[in-house]
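Down below is the structure, laid out as structure tokens.
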Amino acid sequence: MRRILKDWAVGGELADDIATVATELVANAVRHCQVPLAEIEVTLSIRGCGLLVEVADPDRARLPAPRAEGERGPDDDGGGLGLVLVAALAERWGCEARPFTKSVWAYFLVPRESGCDT
């Protein structure tokens, strides 16, 4: 991810935020996907004036939902605030069920200095 961002001349805090969110989304997919031998796909693409990170896994039945601080889940080990972090770092995020997978995505705006008109 960082190599691609570097190749695309994306650095600094934006690159850090994108890498952090990608890591969190992959960690969630690995931890929560209950499909045996599942493959997880990570995609980084340019969309309009921003970058879109998508993480897809085949567990369509389990769509993510952020927890409120202090809220505990059924398999709580003290974590569970990763999507709160994702929401804080990304411009917007969401998830969608697809025919064979679900995708959790986060969108990041590229700074105005890039020459992109919003």
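The values are calculated or read from the model by the stated rules, or taken from the named source; none is laboratory data. The model shown is predicted, which means the values in this text are computed figures rather than measured ones. Glycine also receives a Cβ, built like all others from the backbone with ideal geometry; neighbour counts cover every protein chain displayed.
Of the residues that sit in region 29-44 and are free of Cβ contacts under 8 Å to residues at least 24 places away in the same chain and surrounded by 13 or more Cβ atoms within 10 Å (Cβ to Cβ), which one is nearest to Leu81 (Cα to Cα)?
Filtering first and then ranking leaves Ile40.
Scan region 10-39 for residues that are among the β-branched types (Val, Ile, Thr) and within 15 Å of Pro64 (Cα to Cα) and jot them down.
Listed by number, the residues that qualify are Val21, Val26, Val30.
Mind counting the residues in region 62-110 that are at pLDDT 85 or above and surrounded by 10 or more Cβ atoms within 10 Å (Cβ to Cβ)? Reasoning before the result, please.
To start, the set of residues in region 62-110 that are at pLDDT 85 or above comprises 63-64, 82-110.
Next cut, surrounded by 10 or more Cβ atoms within 10 Å (Cβ to Cβ) only: 63-64, 82-98, 101-110.
Qualifying residue count for the region: 29.
Output the residues belonging to region 48-68 that are more than 30 Å from Ala9 (Cα to Cα) and not aliphatic (A, V, I, L, M).
The answer is Pro58, Asp59, Arg60, Arg62, Pro64, Pro66, Arg67.
Filter region 6-37 for residues that are assigned to a helix (DSSP H, G or I) and more than 15 Å from the chain's Cα centre (by Cα); which is nearest to Leu63 (Cα to Cα)? Steps first, answer last, please.
Taking region 6-37 first, the residues assigned to a helix (DSSP H, G or I) are 6-7, 12-32.
Cutting the leftovers down to more than 15 Å from the chain's Cα centre (by Cα) gives us 6-7, 12-13.
Values: Lys6: 31, Asp7: 32, Gly12: 31, Glu13: 28 Å.
Ranking the qualifying residues of region 6-37, first place goes to Glu13.
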